[in-house]
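First up is the structure itself, then whatever we jot down about it.
Only the coordinates and a few stated rules stand behind these numbers; no lab work does. All values reported here derive from a predicted model rather than from experimental measurement. Cβ coordinates were reconstructed from backbone atoms using ideal geometry, including for glycine residues, and neighbour counts include every protein chain displayed.
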Amino acid sequence: MTVELEALLRSAFPDATELSVQDRTGGGDHFQVIVTSPAFSGLPLVDQHRLVYDALAAPLADGTIHELRIRTRGAQ
Amino acid sequence: MSELGERIRQTIETEDVVLFMKGTPERVMCGNSSRALEALRSVGAPVTTVDVLPDPAIRTELSALSNWPTIPQVFVRGELVGGADIVQELAETGELRQKLEASLDEGWQDARAERIVELAPPRPLRLA
């Protein structure tokens, strides 16, 4: 599942300089997402995370993602 | 807006700091809610908590209002600050304290008692 989520994030943030999805518990539904992208530059964290939620809206809505931790950074 | 939605909106707008969480401060039912609560406590925020578990409609209505899909959610003076990751990060960098300092009235740290607002009565047990 991390591969599918990574693909969704990659297409939402094509300019990302850092992008990773980690299955936190090994159970396939608790994930840690890290994205560094110029798309986040200048945005408050709440809007940065909204962009990640938007990118992952489908797996969030259908329950594929039970828990999501997000760390975002604007690219320098 | 539904009556429940209206009560959620009022709570967000009238309370200084609101944490929508799974469970209560005495009985936290989710790791992320716990992280958000601890981050708020670490800066002495006057937290008002709302348990979303008694009625699934609370969560649905809240997410529709806030445009934020997950629980917990933290609001300061009516503005969504974010979920557990953001609040924890802001607490660590000192920005959370700055935000409270800038948003709340003087003396906010003296009024740090936690409050609980109940938006829905516990559902009665249904005996089949």
- [ ] Just need log10 I(q)/I(0) for the protein assembly as shown at q = 0.13, 0.18 Å⁻¹, Debye formula, equal scatterers on the alpha-carbon atoms, no solvent, rounded to two decimals.
- [x] -0.75, -1.30
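I need the calculated FRET efficiency for the pair A:Val3 and A:Ala61, taking r as the beta carbon distance and R₀ as 25 Å, to the nearest 0.05. Before the final figure, lay out each step's value.
Working: r = 19 Å, r/R0 = 0.78.
Efficiency computed from Cβ-Cβ geometry: 0.80.
Considering every residue in A:57-67, what mean count of other chain Cβ atoms within 10 Å of its Cβ is obtained? Write down the numbers at each step before the final one.
Values: counts 1, 0, 0, 2, 1, 0, 0, 0, 2, 0, 5.
Average per residue, whole number: 1.
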Open item on the list: Pick from B:Ile116, B:Ile58, B:Ile71 the residue whose mean-square fluctuation is largest in a GNM of chain B, springs joining Cα atoms under 10 Å.
Closed with: B:Ile116
Task: Dipole magnitude of region A:2-74 about its Cα centre (Cβ charges: Lys, Arg +1; Asp, Glu -1), debye to nearest 20 - done: 240 debye
Open item on the list: Just to be sure I understand: with springs between alpha-carbon atoms less than 10 Å apart, which residue in B:Thr11, B:Thr93, B:Thr49 has the highest mean-square fluctuation in the Gaussian network model of chain B?
Closed with: B:Thr93
Open item on the list: Please rank B:Asp85, B:Asp110, A:Asp23, fewest neighbouring Cβ atoms within 10 Å first, as an exposure proxy.
Closed with: B:Asp110, A:Asp23, B:Asp85
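Suppose every K and R has +1 on its Cβ and every D and E has -1 on its Cβ; what is the size of the dipole of region B:3-117 about the Cα centre, in Debye to the nearest 20? If you can, show how the numbers build up before the last one.
On the way: 12 positive and 20 negative charges, 59 e Å.
For region B:3-117, the charge dipole is close to 280 debye.
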TODO: Taking the Cα centre of the protein assembly as shown as origin, work out the dipole magnitude from +1 charges on Lys and Arg Cβ and -1 charges on Asp and Glu Cβ, in debye rounded to 20.
DONE: 340 debye
Task: Antiparallel bridges, percent of DSSP beta bridges restricted to region A:2-74 (to nearest 5) - done: 45 percent
Task: chain B - mean residue ellipticity at 222 nm from DSSP helices (-39,500 (n - 2.57) per run, n ≥ 4, rounded to 500) - done: -12500 deg cm²/dmol
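What value does chain B have for Rg/Rh, both radii from Cα atoms and Rh as Kirkwood defines it?
Details: Rg = 14.4 Å, Rh = 14.8 Å.
Computed over Cα atoms, the ratio is 0.97.
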Open item on the list: Given N residues in region A:2-74, what is its alpha carbon radius of gyration divided by 2.2 N^0.38 Å?
Closed with: 1.01
Task: Among B:Glu92, B:Glu61, B:Glu106: highest mean-square fluctuation, GNM of chain B, C-alpha pairs under 10 Å - done: B:Glu106
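How large is Rg/Rh for region A:23-65, to two decimals, with Cα atoms and a Kirkwood Rh? Don't skip to the end; give the middle numbers.
Working: Rg = 11.9 Å, Rh = 11.6 Å.
Over the Cα atoms of region A:23-65, Rg/Rh equals 1.03.
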- [ ] With a point put 7 Å past each Cα toward its Cβ, work out how far B:Ala64 is from B:Glu95 in nm, to one decimal.
- [x] 3.1 nm
TODO: Treat each spin label as a single point 7 Å out from the Cα along the C-beta direction, and report the A:His30 to B:Asp55 distance in nm.
DONE: 3.1 nm
TODO: Starting from the amide H of B:Val17, placed 1.01 Å from N in the peptide plane, find each other amide H under 5 Å away whose residue is 5 or more places distant or on another chain.
DONE: B:Thr48, B:Arg77
TODO: Post the alpha-carbon centroid distance, region A:2-32 to region B:87-112, in whole angstrom.
DONE: 32 Å
Open item on the list: Rounded to the nearest 5, what % of DSSP beta bridges with both residues in region B:1-95 are antiparallel?
Closed with: 65 percent
Open item on the list: I need the phi-derived Karplus couplings for region A:4-9: 6.51 cos²θ - 1.76 cosθ + 1.60, θ = phi - 60°, integer Hz, Gly and Pro marked x.
Closed with: 5, 5, 4, 5, 4, 5
Task: Long-range HN-HN contacts of A:Leu68 with modeled amide H, under 5 Å - done: A:Phe31
